[in-house]
Amino acid sequence: MSQSKMASFTVGFVLGAAVGTTLALLMAPAQGRETRQRFRSRGLQVATQSREVARKGVSWSKEAAAQGRSQLASALEGVKAKLRPETVSEEPPTDEAGTTTRQMEAGSN
């Protein structure tokens, strides 16, 4: 599941739980004191669940950021390796037949 889908699902779940609880409490026949106690209790439960979801989200985000940094470092090393000048050889480069670059240039003139 992608990051945005997971975040949307989590937010929807928490909001749905809060709305459902509120509607259930408002529709249930109970005295004022009892209804307020239910609201308070359920509010604390939702707050606890929200903190847990936020904690997991932060943890997941940190893991994703660390993985991204690692992948970026690997890619950067690959680019650096390609950009580094090759070691200078004492011998001039040759083709498959063993002809040096200088011999090829001399022959084409």
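The values are calculated or read from the model by the stated rules, or taken from the named source; none is laboratory data. Bear in mind that the values here come from a model prediction, so they are computed numbers and not experimental data. Note: ideal-geometry Cβ built from the backbone for every residue, glycine included; neighbour counts use all protein chains shown.
If you go through segment 40-74 and keep only what is more than 22 Å from Ser2 (Cα to Cα), surrounded by 11 or more Cβ atoms within 10 Å (Cβ to Cβ) and hydroxyl-bearing (Ser, Thr, Tyr), you end up with just Ser41. For first residues located in segment 51-76 and of a type in the set (D, E, K, R), partners that are part of a helix (DSSP H, G or I) and lie 6+ apart or on another chain with Cβ distances below 9 Å form the pairs Lys56/Thr10. Candidates Leu23, Leu15: the one that is surrounded by 10 or more Cβ atoms within 10 Å (Cβ to Cβ), over 26 Å from the mean Cα position of the chain (by Cα) and either part of a helix (DSSP H, G or I) or modelled with pLDDT under 85 (or both) is Leu23. Of all residues in segment 26-44, those that are more than 24 Å from Lys56 (Cβ to Cβ) and in a helix (DSSP H, G or I) total 11.
For every residue, the table says whether it meets (1) at pLDDT 80 or above; (2) touching a helix residue (DSSP H, G or I) at 6+ places or on another chain (Cβ under 9 Å); (3) part of a helix (DSSP H, G or I).
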position	(1), (2), (3)
Gln49	yes, yes, yes
Glu52	yes, no, yes
Val58	yes, no, yes
Ser74	yes, no, yes
Val79	yes, no, yes
Gln103	no, no, yes
